[in-house]
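All remarks here apply to the structure that follows.
The values are calculated or read from the model by the stated rules, or taken from the named source; none is laboratory data. From a predicted model like this one, the values you see are computed outputs, not experimental measurements. Cβ sites come from the backbone with ideal geometry, for glycine too, and all protein chains shown count toward neighbours.
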Amino acid sequence: MLLLVGVAFVAGLVTAISPCVLPVLPIVFAGGATGSHRRPYAIVAGLVASFTAFTLAATALVGALGIPDDLLRNIAVGIVLAIALSLLWPGLAGILEHPFRALGRRSPVDLGGGFLLGASLGLLFTPWINGVLAPAGDGTTRSAFFNQSLRTTRAHYVRAVMEGVAYNLRWLRGAVQKFVGRSFPELRFIGGGAQSDTWCGILADVLGTPIRQIENPRFANAVGGALAAFAALGELRVEEIPHLVRTAAVHEPDPAHRALHDELFAEFLELYRATKPIYRRLNGRRRRNRASAPAADRSRPTS
């Protein structure tokens with residue numbers, strides 16, 4: 001057993017520097033860009049430890065079940081071959097992907113949605129397509145997906161966009177509450193996005209606040225303007241308006257998702273701090289060049 005531990009540990013060391021881990025190198029580099037100079041070593045140690053534990057567990061399970069080594073090797077070869085063929089023929093990729101599409105169609109409040117949330121592998125989206133307008137006021141930062149892998153699906157990307165918007169609202173909420181001098185025990189969700197029960201649930205989980213899904217949310221601005229006009233004309237009192245706004249559903253935050261969203265939100269803010277200098281170098285130069293260009297050139301669109 002001691003020999004097996006040693007072999008597994010060495011295998012973990014080799015794996016940490018093999019081409020198989022190239023997709024996680026951005027995580028190592030991004031993690032090493034902030035914090036202690038020892039942090040990259042801790043990340044590599046985590047890779048080694050996890051591979052060691054997995055190897056030991058898998059070996060014990062295979063031994064207990066009496067599965068032949070040739071069978072496992074043939075299965076692994078078949079999986080690699082299927083992935084290679086799917087990259088050559090998109091039609092085959094669609095066939096192989098089909099059994100897993102149901103995960104993306106499940107509601108986030110049921111078991112399948114919970115699995116999708118846990119299996120998202122920490123995919124993050126920063127929704128700053130035209131800069132961070134609030135609360136940071138940074139015009140050079142841009143949007144991006146972080147922590148993608150070969151297992152990232154379209155469902156993960158869609159959910160990451162929804163969560164990215166929610167994380168930005170969570171970041172903004174503190175500044176708004178400080179400005180108005182009070183906190184918000186609950187929030188009302190209006191607009192086209194409020195038609196999505198999934199997005200309402202994500203907002204509730206990320207913000208840790210009940211979300212009231214207003215009836216006919218697409219027309220909420222028009223209804224609000226009409227109610228304000230009636231109040232200005234003296235046809236109703238301002239205190240009566242809240243009782244006239246109907247709620248379609250109230251989405252409560254799920255305590256089971258709190259720890260995960262707290263962790264991802266912290267990384268969301270860390271991504272902004274870590275990438276801000278990079279975006280400033282990339283896009284600040286373009287802004288300076290555009291400002292010094294002739295008027296005819298400045299009329300051309302830029303990224």
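Does Gly201 satisfy the criteria of being modelled with pLDDT of 90 or more and either assigned to a helix (DSSP H, G or I) or surrounded by 12 or more Cβ atoms within 10 Å (Cβ to Cβ) (or both)? It is true that Gly201 is modelled with pLDDT of 90 or more and either assigned to a helix (DSSP H, G or I) or surrounded by 12 or more Cβ atoms within 10 Å (Cβ to Cβ) (or both).
Given the structure, is Ala175 of a type in the set (Gly, Ala, Ser) and touching a Leu at 6+ places or on another chain (Cβ under 9 Å)? Considered against the rule, which asks whether it is of a type in the set (Gly, Ala, Ser) and touching a Leu at 6+ places or on another chain (Cβ under 9 Å), Ala175 comes out as no.
Before we move on, is Ala144 in contact with a helix residue (DSSP H, G or I) (Cβ under 9 Å, 6 or more places away or on another chain), of a type in the set (Gly, Ala, Ser) and without any contact (Cβ under 8 Å) to a residue 12 or more places away in the chain? Working first, answer last.
Numbers: in contact with a helix residue (DSSP H, G or I) (Cβ under 9 Å, 6 or more places away or on another chain): yes; of a type in the set (Gly, Ala, Ser): yes; without any contact (Cβ under 8 Å) to a residue 12 or more places away in the chain: no.
Considered against the rule, which asks whether it is in contact with a helix residue (DSSP H, G or I) (Cβ under 9 Å, 6 or more places away or on another chain), of a type in the set (Gly, Ala, Ser) and without any contact (Cβ under 8 Å) to a residue 12 or more places away in the chain, Ala144 comes out as no.
Confirm whether Ile202 is in contact (Cβ under 8 Å) with a residue 60 or more places away in the chain, within 27 Å of Leu269 (Cβ to Cβ) and in the same structural domain as Pro135 (by TED's automatic domain parsing). The answer is yes for Ile202.
Residues of the stretch 120-132 that are modelled with pLDDT of 85 or more and not small (Gly, Ala, Ser): Leu123, Leu124, Phe125, Thr126, Pro127, Trp128, Ile129, Asn130, Val132.
Candidates Tyr157, Tyr167: the one that is among the aromatic types (Phe, Trp, Tyr), surrounded by 22 or more Cβ atoms within 10 Å (Cβ to Cβ) and assigned to a helix (DSSP H, G or I) is Tyr167. Scanning the stretch 135-151 for residues that are on the phi < 0 side of the Ramachandran plot, among the polar types (S, T, N, Q) and either touching a Lys or Arg at 6+ places or on another chain (Cβ under 7 Å) or buried (at least 16 other Cβ atoms within 10 Å of the Cβ) (or both) yields Thr140, Thr141, Gln148.
Among the residues of the stretch 129-138, how many are touching a helix residue (DSSP H, G or I) at 6+ places or on another chain (Cβ under 8 Å) and part of a loop (DSSP other than H, G, I, E, B)?
We begin by selecting, within the stretch 129-138, every residue touching a helix residue (DSSP H, G or I) at 6+ places or on another chain (Cβ under 8 Å); these are 132, 134-136, 138.
Narrowing further to those that are part of a loop (DSSP other than H, G, I, E, B): 134-136.
Total meeting the criteria: 3.
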